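Peer 1: Pasting in a structure now, in structure tokens, and then I'll have a few things to ask.
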Amino acid sequence: MNPTRRSAIKLGAAGLAAAALPMPPAMAQAGSRVVFPISNEPPTLDPTSQPALAVSEVSLLNIFEGLTRIHEDGSIGPCLATSWTSAGSRDYTFHLRKDVVFHDGTPFTAADVRFTFERNASPKSTNKRKRIFANIGTLETPDDHTVVIRLKTPSRLFPDFLAEFTASIVSQKTADTNATQPVGTGPYRLTNWVKGSSVSLEKFPRHWNAQSAQIESAQIRFISDANAQVNAMLAGDLDVLPAFQALDLVSRFQNNDRFVVTKGASTDVHLVAFNNKSPKLKDVRVRKALMQAVDRQMVIEAATNGYATPIGSQMAPIYPVYVDTTQVSPFDPKAARKLLAEAGHANGLDLNFVVPSTLIYMRSAETIQAYLAEVGVRVKIDTVEWAQWLDIVFRRKAYELAIVTQPDPWTIFNYLDPNYFYQYESADFNRLLAEAESAETAEAFAEAMRKAQFKLAEDQPSGWLFSVSNMVVRNSRISGVWKNGPNKINEVAAWRIKP
């Protein structure tokens with residue numbers, strides 16, 4: 001088969017251009033150095049063991065690489081594998097690059113793929129895509145540059161999953177220290193990590209495609225406050241805002257010829273996670289009532305200044321297999337009160353809401369809190385730092401309501417895992433996704449995915465709100481920054497600076 005295949009994600013959106021104002025100051029950093037922020041500091045830099053989005057924002061296609069990679073348009077192509085073939089979505093053969101070394105000089109071989117995938121599937125693994133690797137029945141390495149995999153059950157999306165940060169290839173020699181001293185095969189290597197402040201990267205001269213990377217070094221700053229990001233960008237301290245959050249302030253950049261603003265498509269799914277094992281939320285009538293009490297469009301206005309699309313299940317509109325399920329639980333406060341009463345909560349309900357201290361989350365949570373109060377649901381917002389959120393919600397599942405954006409492709413598959421933080425279980429849903437993964441035609445795949453989305457919407461294991469647009473602000477001298485967001489990746493090697 002052609003080594004570059006199309007993903008089932010299809011991206012596309014119109015860009016917004018800049019116009020005219022005062023003379024631009026010097027760039028944040030002269031020469032071929034760039035500075036950009038992310039909202040949360042990664043707890044570690046090991047992408048195979050840590051679920052936090054920030055790990056991908058720093059590491060994927062910078063420090064670490066996978067066998068495949070995702071491109072801005074959503075297509076899946078070669079990376080550490082030059083090509084692959086498949087038979088029946090069960091048997092895959094990957095042909096590996098022969099000119100690759102890790103940052104410590106160790107050659108990359110098929111043994112590293114075997115080690116990585118077996119480590120990801122092991123009982124001790126904390127990889128959030130563990131299911132993907134546990135589905136590997138046999139993995140053979142007939143030579144140093146060939147990997148032959150037979151899956152236990154077919155998966156037409158297996159190459160797509162291998163493009164995510166959870167499938168980054170690591171070396172057995174350095175895997176145990178990747179959390180703080182990451183050693184990958186990527187075009188950049190870590191030079192410094194100032195906890196609470198920034199990560200610094202420099203170009204790796206022995207990368208297999210080093211000649212394509214123009215940027216010599218990058219500093220990634222941890223700035224959780226969206227207004228602070230805006231002010232730093234306007235002051236010339238930053239070169240790119242790759243995930244613009246203060247969407248009500250976008251006009252400050254649109255009419256300024258120092259900057260370019262683009263609006264792209266995104267796989268982001270912004271949701272309220274329900275703990276399906278909580279005594280208060282085990283009843284589907286309660287979960288449906290919570291969603292019917294909330295006007296999604298008003299949450300969109302409050303949190304994104306209108307730059308988002310309402311959704312009713314765990315898919316974004318950019319997927320060709322997306323279906324609109326928002327009418328399964330439409331805004332209807334009267335129906336919400338009735339459902340709560342039927343579930344035994346005629347006198348109201350008290351719930352705790354764990355919210356990261358990021359602008360879009362706080363605005364969403366406050367709006368939701370106000371709507372829920374109208375139907376007698378009293379919500380206490382607990383605002384925490386991202387590391388605390390991960391501990392409380394993701395690891396310990398010690399929550400009732402929690403808010404999060406899930407930007408990874410195909411996060412609908414997370415609902416297969418009853419131990420994931422939603423703690424949702426449904427044999428019918430599992431069967432539908434199994435049918436989708438083993439589908440022999442695109443039509444059969446789409447039909448199974450349509451049914452799976454409606455099944456989720458009916459069971460309401462989460463409260464889906466919207467898919468936010470991918471807004472990017474960059475210095476007008478910088479190009480190559482992704483407009484679309486098929487995944488949260490900052491591919492510095494693709495960026496260019498005009499002289």
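The values are calculated or read from the model by the stated rules, or taken from the named source; none is laboratory data. Source: prediction; values computed, not measured. Using ideal geometry, Cβ is built from the backbone for each residue, glycine included, and neighbour counts are taken over all protein chains shown. Remember, those area values only see protein heavy atoms, side chains included, never the ligands or the DNA or RNA. Shrake-Rupley method; radii C 1.70, N 1.55, O 1.52, S 1.80 Å.
Peer 1: When the Karplus curve 6.51 cos²θ - 1.76 cosθ + 1.60 is applied with θ = phi - 60°, which whole-Hz ³J(HN,Hα) does each residue of the range 390-400 get, with x for Gly and Pro?
Peer 2: 4, 5, 5, 8, 6, 8, 8, 6, 9, 8, 10
Peer 1: While we're looking at this one, here's another question. Have a look at the DSSP beta bridges in the chain and tell me what percent are antiparallel, nearest 5.
Peer 2: Counting only bridges with both partners in the chain, antiparallel ones make up about 75 percent.
Peer 1: What whole-number value in Å² describes the accessible area per residue of the chain for a 1.4 Å probe?
Peer 2: Accessible area per residue, the chain: 37 Å².
Peer 1: Also, I was wondering about something else. Highest first, please rank the peptides 219-228, 80-89 by the mean number of other Cβ atoms sitting within 10 Å of their residues.
Peer 2: 219-228, 80-89
Peer 1: Sort R33, R337 by heavy-atom solvent-accessible area, probe 1.4 angstrom, most to least.
Peer 2: Values: R33 70, R337 110 Å².
In descending accessible area the options line up as R337, R33.
Peer 1: Packing-wise, with mean Cβ within 10 Å as the measure, how do 161-169, 303-311, 141-149 rank, highest first?
Peer 2: 161-169, 303-311, 141-149
Peer 1: V170: net charge of surrounding residues, Cβ under 11 Å, Lys/Arg +1, Asp/Glu -1, itself excluded?
Peer 2: -2
Peer 1: Let me ask something additional. What list of ³J(HN,Hα) couplings, whole Hz, do you get for the range 103-110 from phi and the Karplus terms 6.51, -1.76, 1.60, once you set θ to phi - 60° and write x for glycine and proline?
Peer 2: 4, 8, x, 5, x, 8, 9, 4
Peer 1: Sticking with this structure for a sec: Measure up K128/K397; K98/K128; K280/K397 against 21 Å on the Cα-Cα distance and list the ones that go over.
Peer 2: Exceeds cut-off: K98/K128.
Peer 1: Among 353-361, 417-425, 126-134, how do they line up from the highest to the lowest mean number of other beta-carbon atoms within 10 Å?
Peer 2: 353-361, 126-134, 417-425
Peer 1: By the gyration tensor of its Cα atoms, with a ≥ b ≥ c the square roots of the eigenvalues, what is the shape of the range 317-420: rounded for a/c under 1.5, prolate for a/b over b/c, or oblate?
Peer 2: Oblate, because a/c is 1.5 or more while a/b does not exceed b/c.
Peer 1: Moving on. So, with a 1.4 angstrom probe, what is the percent of accessible area on the range 396-499 that is carbon and sulfur?
Peer 2: Details: 1580 of 3430 Å².
Using a 1.4 Å probe with all protein chains present, the range 396-499 comes out at 46 percent carbon and sulfur.
Peer 1: Quick one: grab the alpha carbon gyration tensor of the range 155-284, order the square roots of its eigenvalues as a ≥ b ≥ c, and give me rounded if a/c is under 1.5, else prolate or oblate depending on whether a/b is larger than b/c.
Peer 2: Oblate, because a/c is 1.5 or more while a/b does not exceed b/c.
Peer 1: Would you please give the residues with an amide H less than 5 Å from that of M471, counting only those at least 5 places away or on a separate chain, with H modeled from the backbone geometry?
Peer 2: F244, G264
Peer 1: How much net charge surrounds A232 when only other residues with a Cβ under 12 Å from its Cβ are counted (Lys, Arg +1; Asp, Glu -1)?
Peer 2: Values: positive: R221; negative: D225, D237, D239.
Once all neighbours under 12 Å are counted, the net charge is -2.
Peer 1: Could you give each residue of the range 430-438 its phi-based ³J(HN,Hα) in whole Hz, using Karplus coefficients 6.51, -1.76, 1.60 with θ = phi - 60°, and x for Gly or Pro?
Peer 2: Along the range 430-438, the couplings run 4, 5, 5, 6, 4, 5, 5, 5, 9 Hz.
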